[in-house]
Structures are given as structure tokens and as C-alpha cells.
1. Under 8 Å between Cβ atoms, at least 6 apart or on separate chains: pull out the pairs that start in segment 200-219 with a residue that is within 14 Å of residue 311 (Cα to Cα) and end on any residue that is assigned to a helix (DSSP H, G or I) and at pLDDT below 95.
2. Taking the residues in segment 190-207 that are at pLDDT 95 or above and either of a type in the set (A, V, I, L, M, F, W, C) or assigned to a loop (DSSP other than H, G, I, E, B) (or both) as candidates, determine which candidate is nearest to residue 120 (Cα to Cα).
3. Which count do you get for residues in segment 294-305 that are at pLDDT 95 or above and either assigned to a helix (DSSP H, G or I) or buried (at least 19 other Cβ atoms within 10 Å of the Cβ) (or both)?
4. I need the full set of residues from segment 324-357 which are polar (S, T, N, Q) and buried (at least 24 other Cβ atoms within 10 Å of the Cβ), in order please.
5. Looking at segment 44-65 only, could you name the residues that are surrounded by fewer than 24 Cβ atoms within 10 Å (Cβ to Cβ), assigned to a helix (DSSP H, G or I) and either at pLDDT below 95 or among the β-branched types (Val, Ile, Thr) (or both)?
6. What number of residues within segment 324-363 satisfy the criterion of being farther than 20 Å from residue 80 by Cα and among the basic types (Lys, Arg)?
7. Given the conditions (1) outside the structural domain of residue 32 (by TED's automatic domain parsing); (2) at pLDDT 95 or above, which single one is not true for residue 257?
8. Kindly check whether there is at least one residue in segment 386-397 that is over 24 Å from the mean Cα position of the chain (by Cα), among the aliphatic types (A, V, I, L, M), farther than 30 Å from residue 179 by Cα and modelled with pLDDT of 85 or more.
Amino acid sequence: MTNSDVNVDRSNSPPVDPTFDQPIKADSEVLIIGAGPAGCAAAITLARAGRQVRIIDQHTFPRDKVCGDGLIPDSLQALEALGVLDTVLERATLVKGLACHGPAGGTLHIPGKLAVLPRRDLDMILVRKALDEGAEMIASARFNAVLTEQDSQGQEQVVGANITIGDRATGSQLDLRARWVILATGAAAGPLKAAQVCERSLPSAMALRTYVRNPDWADRLEHLEISWHRSYAPGYGWVFPAPDGLFNVGVGLYGMHNPTLKDKIRHMVSGSPARTNKLNLHGLFERFVQSSPRVRDLVEGGEIVADIKGAPLRCSLEGASPSRPGMLVTGEALGSTYALTGEGIGKAMETGMLAAQAILSNTSDQVKVSQAYQQALDSIRPKFAIYQRANIINQMPWLINLAIRRGNASPRLVNRMSLVLEEKANPARLFTFRGAWKFLTE
């Protein structure tokens with residue numbers, strides 16, 4: 001069974017596909033490259049404000065996307081702002097919070113209003129909302145390069161994009177011009193390089209995911225289940241209950257691109273490039289499954305209905321320039337995923353809305369728009385930095401054992417964690433030295 005068989009689109013609407021029998025207008029006010037959460041959030045915000053918006057994406061929709069599919073409070077807040085929360089919750093599995101499993105076997109439950117909906121369905125809902133608001137879309141359109149011109153001061157500025165519609169080898173190329181281009185192409189380095197905004201090719205982390213169908217477990221999991229174990233450190237595994245007896249099972253791994261100590265020494269002695277670790281997806285998945293009797297029972301008693309697939313993650317608002325004249329970079333292309341947790345859907349939508357709001361603030365002045373966007377990003381950057389520092393937890397699973405013991409002994413600490421999850425409390429209360437000291441000694 002293929003990934004396309006796993007989840008059906010329940011929006012009762014036809015797939016989004018390019019219309020070849022109608023001429024495509026070459027110009028638009030805003031061209032958005034990428035129709036994921038960030039791109040659609042920008043499109044919805046701009047189209048609502050009356051801007052002429054065009055979205056392009058290399059896929060037709062609905063389409064699969066490697067992701068944990070978990071929707072935590074920041075995602076739900078963004079979906080509400082975009083006007084699709086009710087539609088999403090009608091289709092999603094609602095869960096009671098997080099269940100954190102430590103290597104020693106302990107479990108800590110952190111309450112919260114969370115949900116799970118496969119990205120195939122979520123992204124389709126967002127695309128439909130963007131089209132309903134008045135945006136146009138060209139699917140099966142691959143981004144090749146930016147179009148640039150010299151402004152009156154001789155500075156190069158982005159004025160559009162060159163795309164290929166259809167198959168890369170046999171499709172037709174087209175130049176699309178726009179006053180603004182928003183790059184929302186996800187974590188892949190290729191589009192960032194093509195747009196000349198890539199500052200680091202390697203991702204921050206990798207995630208792998210499959211789907212397991214096991215209807216017998218449909219009522220047994222009421223939380224987003226997250227596990228830590230030395231066999232797949234530095235990282236974590238997850239089991240998230242999706243609709244219809246389906247479970248998203250995956251592993252997030254940090255630091256796999258870092259060279260080993262042996263390679264570093266070889267580089268120092270011989271000057272040869274330090275090699276990076278290669279990720280064995282099936283081996284990593286098997287280590288996760290075998291490390292937990294609970295996960296093993298779920299997987300072995302069910303049916304794996306999708307290939308194990310991996311995808312890169314970009315974290316901490318690092319790895320790409322947020323803007324260049326005429327272009328803003330948003331979503332995971334910008335690094336909108338939190339380190340430590342790997343949560344990125346909510347922050348992708350938030351950065352997409354911030355990019356749109358910056359354009360709306362002063363459409364004609366590129367400098368002011370870029371400054372407004374940079375200021376908006378600077379306002380959220382401290383939280384990303386805190387999660388980046390806290391990512392040491394994934395390297396030291398024994399810390400999870402300690403946190404679980406402390407949390408189970410103190411309802412007040414669990415409440416503090418719940419407030420951080422809901423973004424109603426500063427994560428510094430947990431993930432700084434002072435916060436950790438209070439956590440361990442209160």
C-alpha cells in the first residue's frame with residue numbers, strides 16, 4: 001500500500017491541479033513559492049486584505065508530507081486566526097496532552113488541548129482556504145530560479161521566479177513576475193540555493209515517519225506519546241493517534257550530520273574533510289520500536305501502511321537569510337522549527353503571517369518591509385534560542401528520567417510544563433539554568 005492510500009481527503013473537493021487550457025497571467029502582486037502551512041498562511045492573510053496572490057507548488061494536492069502531524073496549542077491558535085480551526089478539529093483526533101516516556105520506564109502526563117491530523121488533510125484544508133479567499137494557484141510547478149533586475153540605485157532585487165510546469169524534463173518554462181516573492185519551500189536546501197539565500201546546506205535534524213493501522217489501539221492512546229532512549233539518542237520517538245485507527249510513528253534525530261570524534265581527529269591530522277554520519281532510516285525505526293514494549297505491541301499487532309520516509313528539519317531560525325530585496329523567506333525554509341521538540345507547524349504558519357503582515361505594512365517600500373519582517377522575527381527569536389539550548393536534553397536521556405520523577409512528585413511543576421506547552425508561560429522557566437535549578441530543587 002502506498003502513502004497515497006493511507007489517508008483520503010475528506011474535504012469533499014477535487015484535487016488542486018494546474019489548468020493548462022487557460023492562459024496563465026505572468027504578473028501578480030505577491031508570488032508565494034510553496035503551498036505548505038507557511039505559504040498558505042501568508043496567502044490567506046494577504047488575499048483577505050485584497051492583495052493579488054499567486055501560489056505555486058511542485059505537487060498537486062492533496063499530497064503526503066513527512067511530519068509528526070501533531071497540532072499543539074500554537075498550531076491551533078494559528079489555525080483559528082486563519083479561519084480553519086473548526087474544519088480541522090472536525091477531522092482531527094483530539095488528545096488530552098503529552099505522555100512523556102523516559103528510558104527507565106517512567107511516564108509523565110502533561111495536560112493540554114492537542115490534536116492530530118495528517119498533513120495530507122491539513123495542508124489541503126489550508127490550500128482550499130487560500131483559494132476561497134481569492135488566491136490563485138499553479139500546482140505541479142517547480143521553482144527554478146529567481147528573476148532579478150537592478151533598481152534605480154543599482155541594487156539587485158527579486159522581481160519574480162522562473163518555473164517549470166509539469167515534468168522537469170519535458171514541461172514548459174514560464175517567468176512569473178511579482179512585486180513581492182515569498183519563499184516557503186520547506187527545509188530542502190535546493191530552493192534556498194536557487195534563491196541565493198542559503199546560509200547552511202545541512203539541516204538541523206532529520207525526522208522519519210510511517211503510518212501504522214491498528215484499530216484495536218484506537219481507544220488506548222489518548223495523548224501524544226513521546227519517548228526517549230539511549231538507543232536512538234540524540235533524539236526522541238513518537239506515536240501520535242490519527243483518525244480512523246491510524247497512528248503516526250516516527251523518530252526525530254539531532255546531530256546526525258555532525259562528524260564523529262574519529263573523523264574530527266582524521267581531519268586535524270590529515271586535513272581530509274570530516275565526514276558526516278549517514279542515517280539508516282529502517283535501522284533507526286527498528287531501534288525505536290524494539291526499545292519500547294508498548295510501541296512494539298502497537299506496530300507488530302498492526303499493519304504498516306506507508307513506507308518509512310525521512311525529511312530534513314531546519315530549526316532555530318537559522319540556515320537562511322530572512323530576506324533580500326523583493327523577497328521574504330518564511331516557514332521551515334527559514335528554520336521555523338523548535339529544536340528539542342521538533343514542533344514546526346504552528347511556527348511555520350506564524351512566520352508566514354508575519355511575512356504577509358510586513359508586506360501589508362508598506363507594500364511599496366522594500367527596505368521598510370524587510371525591516372518590519374526582521375523586527376517581527378526578532379520578537380520571537382528568544383524562544384527559539386531557549387529551545388536550542390534545551391536541546392541538550394535529547395543528548396542526555398537520563399535527564400528525562402529525572403524530569404519525570406520530579407514532575408510526578410509535584411503537580412505544580414506539571415502545571416508549569418502545561419503552561420509552557422500552551423505558550424502561556426516563558427519556556428525560560430524550564431529551559432534555562434535558573435529554571436532547571438528551580439525545577440530540580442523546588
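The values are calculated or read from the model by the stated rules, or taken from the named source; none is laboratory data. None of these values were measured; they are calculated from a predicted model. All Cβ positions, glycine included, derive from the backbone under ideal geometry; neighbour counts span all protein chains shown.
1. 208/281; 208/284; 208/285; 210/285
2. 192
3. Total satisfying the criteria: 7.
4. 330, 336, 337, 351
5. Answer for segment 44-65, where residues must be surrounded by fewer than 24 Cβ atoms within 10 Å (Cβ to Cβ), assigned to a helix (DSSP H, G or I) and either at pLDDT below 95 or among the β-branched types (Val, Ile, Thr) (or both): there is none.
6. Residues that pass the stated criteria total 1.
7. Of (1) outside the structural domain of residue 32 (by TED's automatic domain parsing); (2) at pLDDT 95 or above, only one is false for residue 257: (2).
8. Within segment 386-397, not a single residue is over 24 Å from the mean Cα position of the chain (by Cα), among the aliphatic types (A, V, I, L, M), farther than 30 Å from residue 179 by Cα and modelled with pLDDT of 85 or more.
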